[in-house]
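Engineer: Structure below; questions to follow.
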Amino acid sequence: MLRAVHDKYAVALLMVLFWGGALWQADLPGLYMDGVNPDYLAARFFNRALPNTVWILPAKGPILLGSLYHGVQNYYVDLPVFWLLGISLLSIRIAQSLFGAAIVLLLYFLAVRVTQNRLVALLTAALLATDIAFLVSFRTQFYIVLGGEAWLFASLLALWSRHRAGPLLSGLFFGLAIYGYFVFAFFLPAMILLMLAQPQRHVRLWMGGLALGLLPYVLGYVFLFRAIGDVSSAIEYLTSRLSGVAPLSAAESLWERIEGAFALTRLAITNGGNEAMIFSEALGSPWGEIKLALFATMVILALLRLRWTPPHRLIVLLPISYLICATLLGSRLWVHHYSVLVPLGYLLLAVTVGDLARDRRLIAASAVAALALLAVNVGQSIGFHRELAETGGVRKQSDALTRLAQEARERPPTLYVFPEWGFFMSFALLTENRVRYVLDPAEITREACACDQVALAYWNDADTAAYRSLLEAKNLRNIETTVYAQRDGRPAFHLMTGTF
């Protein structure tokens, strides 16, 4: 009973820390296009009247694939959240951050299970809950990858449970992690070893659970094949789609791939990747580099203490397995694919410190160090949010995109045109699919929206003359151009308007 009470207080504290950081300046930055894909589809679910364009794989059945390599779990979480709260920047942040909240809680309970030390578990989970590299990942395209980490941690927790269904649930959750994003398959070699290291090896049960967890993926492809028509056409379609991705065709040497993998790991852990997305440059932070060194030290210590038993000593194989597999894909991966290493770094920290800090003096020293790191985490967050308040995000993550959608809701009926990448998904979501838009300028007609005005958005001033000529060719008059500026005064994008 006492432990349950302690856990309730720990959960409450962790949620205050996490949600305080997750919703700090929740209206910033703007919504990056891949930062709301597949979430933007929820707008069409609630408002189906307008036939606005969506990018989605053909499917004869429910939506199960966001692309060939990830599912749509975020979309199905969005639906009840938006139904309860409506569609707004705040509700979008809440829906996407729910996965982060789950990861923090699962880290706590995993650390409790492995270390039997609630203080170590609480402090480690608190560090993750206040790490800006983790928190801000739910405001960039990193979120779509990180969602699968909740399933990975749930898989580990189920694997180490004493419940008879533990192996089945572990396999099921791991399959759902892979469905969330394909890169979680990189953990499969380590997960198999962790499963085999259990005192009772329920291999068939675990593999059966894995098959069940992958079922949404399989069904998604079945629905895709049914929509295309026949197997040969479906294979041709997949071949053409995958040829553009060419996952194993990176031209780098092995050493260059290794260097690239570690450079991307550094950007993920230090928050340089998120900062590059939001500010077009990494802000740089001494704590980010110290954290990277700390995680690397934990990996070395864990490898030195690597044993088959107890099984949790094998956790260090998870990041190693991931890095080996990711290295094979070279430059086909980017920083967001490595964001999964941030929560894993804290899990490894909890396991290693929990193993080493067995007497009161070491536990007290670890607690003091953790509190100091917690203060540094908050300091890095303050610096990040100071820059965020000044710029509002830049270019394709500028909060000017939010203003565009807000003003579109207030304008007289207007046909919006988005010929360039980066506009339409956030626009569709924030306008709740209530404003007509097209992607192809050839569709600019009065009949397309039963309106008198057209508004065309584009990024670069150098394209102004070309787009003016395009609108003039469509017999539009009174053509004007408005610059949507970032908070720091620099142009974010341009909006050209004209009337029939």
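Bear in mind these aren't lab numbers, they're just calculated from the coordinates by the rules spelled out. Model, not experiment: these values are computed from the prediction. Here the Cβ positions follow ideal geometry from the backbone for every residue, glycine too, while neighbour counts run over all protein chains shown.
Engineer: Can you give the calculated 222 nm mean residue ellipticity of the chain, where each DSSP H run of n ≥ 4 adds -39,500 (n - 2.57) and the sum is split over every residue, rounded to the nearest 500 deg cm²/dmol?
Structural biologist: Helix contribution divided over all residues of the chain: -19500 deg cm²/dmol.
Engineer: Determine by what factor the alpha-carbon radius of gyration of region 399-499 differs from 2.2 N^0.38 Å, reporting the quotient. Can you show the working numbers first?
Structural biologist: Working: Rg = 12.6 Å, N = 101, 2.2 N^0.38 = 12.7 Å.
Expressed relative to 2.2 N^0.38 Å, the Cα Rg reads 1.00.
Engineer: Further, regarding this structure: Check the cysteines of the chain one by one and keep only those with no other cysteine Cβ under 4.7 Å from their own.
Structural biologist: Within the chain, the cysteines lacking a partner Cβ under 4.7 Å are CYS325.
Engineer: Quick one: putting +1 on the C-beta of Lys and Arg, -1 on the C-beta of Asp and Glu, what dipole do you get for region 18-143 around its Cα centre, in Debye to the nearest 20? Provide the component values of the computation, followed by the final result.
Structural biologist: Values: 7 positive and 5 negative charges, 52 e Å.
Dipole of region 18-143, to the nearest 20 debye: 260 debye.
Engineer: When DSSP assigns beta bridges and you keep just the ones with both residues in the chain, what percent turn out antiparallel, to the nearest 5? Walk me through the numbers on the way to the answer.
Structural biologist: Values: 15 of 21 bridges.
Here the antiparallel bridges make up roughly 70 percent for the chain.
Engineer: From the residues LEU122, LEU90, SER67, which one has its Cα farthest along the dipole of the chain in the positive direction, the dipole being from +1 and -1 charges on Cβ of Lys/Arg and Asp/Glu about the Cα centre?
Structural biologist: LEU122
Engineer: Please turn the phi angles of region 40-50 into ³J(HN,Hα) values with the Karplus equation 6.51 cos²θ - 1.76 cosθ + 1.60 (θ = phi - 60°), one per residue in order, whole Hz, x for glycine and proline.
Structural biologist: Going residue by residue, I get 4, 5, 5, 4, 5, 4, 7, 9, 8, 5, 8 Hz, with x marking Gly and Pro.
Engineer: Using every alpha carbon pair in region 208-352, what percent of pairs falls into each 10 Å bin from 0 up to the bin containing the largest distance?
Structural biologist: With a bin width of 10 Å, the distribution comes to 10, 27, 30, 22, 10, 1.
Engineer: Check which residues have an amide H placed less than 5 Å from THR414's amide H, if you skip close sequence neighbours.
Structural biologist: ARG436
Engineer: Report, in degrees rounded to the nearest 10, the 0 to 90 angle that the Cα long axis of helix 341-356 makes with the longest principal axis of the chain.
Structural biologist: 10 degrees
Engineer: Taking every alpha carbon pair in region 312-386, what does the distance histogram look like in 5 angstrom bins from 0, in percent?
Structural biologist: Final binned percentages: 3, 12, 16, 17, 16, 15, 12, 6, 2, 0.
Engineer: Please state the relative contact order of the chain as a whole percent: Cα pairs under 8 Å, 6+ residues apart?
Structural biologist: On the way: 791 pairs, mean separation 99.9, N = 500.
Relative contact order for the chain comes out at 20 percent.
Engineer: Let me ask something else. Region 22-64: which trypsin sites (Lys or Arg not before Pro) are DSSP loop and have at most 10 other beta-carbon atoms within 10 angstrom? List each step's numbers first, then the result.
Structural biologist: Values: sites: ARG44, ARG48, LYS60; in loops: ARG48, LYS60.
Filter output for region 22-64: ARG48.
Engineer: A further question on this structure: Could you tell me the relative contact order of region 399-499? Use alpha-carbon pairs under 8 Å, at least six residues apart, and round to a whole percent. The partial results should precede the final answer.
Structural biologist: Working: 164 pairs, mean separation 28.1, N = 101.
Reported as a whole number, the value is 28 percent.
Engineer: What's the extension gain from PHE500 to ALA448 if we count 0.36 nm per residue and subtract their Cα-Cα distance? Can you show the working numbers first?
Structural biologist: Values: separation 52, 0.36 × 52 = 18.72 nm, distance 1.23 nm.
Between PHE500 and ALA448, full extension yields an extra 17.5 nm.
Engineer: I'd like the orientation of helix 360-391 relative to the chain: the angle between its Cα long axis and the longest Cα principal axis, in ° from 0 to 90, rounded to 10.
Structural biologist: The two axes meet at around 10 degrees.
Engineer: Oh, and also: Hey, what's the per residue convex hull volume over the C-alpha atoms of region 20-135, in cubic angstrom? Before the final figure, lay out the partial values.
Structural biologist: Details: hull volume 16.6 nm³, N = 116.
Dividing the Cα hull volume of region 20-135 by its residue count gives 143 Å³.
Engineer: Provide Rg and Dmax in Å for the chain, with only Cα atoms included in the calculation.
Structural biologist: 24.2, 81
Engineer: Using mean Cβ contacts within 10 Å as the protection proxy, how do 90-100, 222-232 order, highest first? It would help to have the intermediate numbers written out before the result.
Structural biologist: Values: 90-100: 21.1, 222-232: 14.6.
By packing density, highest mean first, the sequence is 90-100, 222-232.
Engineer: A follow-up question, please. Translational diffusion coefficient of region 193-284 at 10 °C, 1.306 mPa s, Stokes-Einstein with Kirkwood Rh over Cα pairs, in µm²/s as a whole number. Present the calculation step by step, with values, prior to reporting the outcome.
Structural biologist: Working: Rh = 18.0 Å.
It diffuses with D of about 88 µm²/s by this estimate.
Engineer: Suppose each label sits 7 Å from its Cα in the direction of the beta carbon; what would the ALA211-THR53 distance come out to in nanometres?
Structural biologist: The answer from the label model is 4.2 nm.
Engineer: Please compute one quarter of the surface area of the Cα convex hull for region 374-417 and express it in square nanometres. Intermediate values should be presented prior to the final figure.
Structural biologist: Details: hull surface 17.3 nm².
Average of the hull's projected areas for region 374-417 equals 4.3 nm².
Engineer: Here's a follow-up. Could you give the angle, 0 to 90 degrees to the nearest 10, between helix 73-85's Cα long axis and the longest principal axis of the Cα atoms of the chain?
Structural biologist: With rounding to tens, the tilt is 70 degrees.
Engineer: Which value, in Å to one decimal place, does the Kirkwood hydrodynamic radius take for region 286-425 when every pair of different Cα atoms is included?
Structural biologist: Numbers: mean 1/r = 0.0518 Å⁻¹.
Every distinct Cα pair counted, the radius reaches 19.3 Å.
Engineer: If the only charges are +1 at each Lys and Arg Cβ and -1 at each Asp and Glu Cβ, what is the size of the charge dipole of region 373-449 around the Cα centre, to the nearest 20 debye?
Structural biologist: Numbers: 9 positive and 10 negative charges, 22 e Å.
The dipole magnitude comes to about 100 debye.
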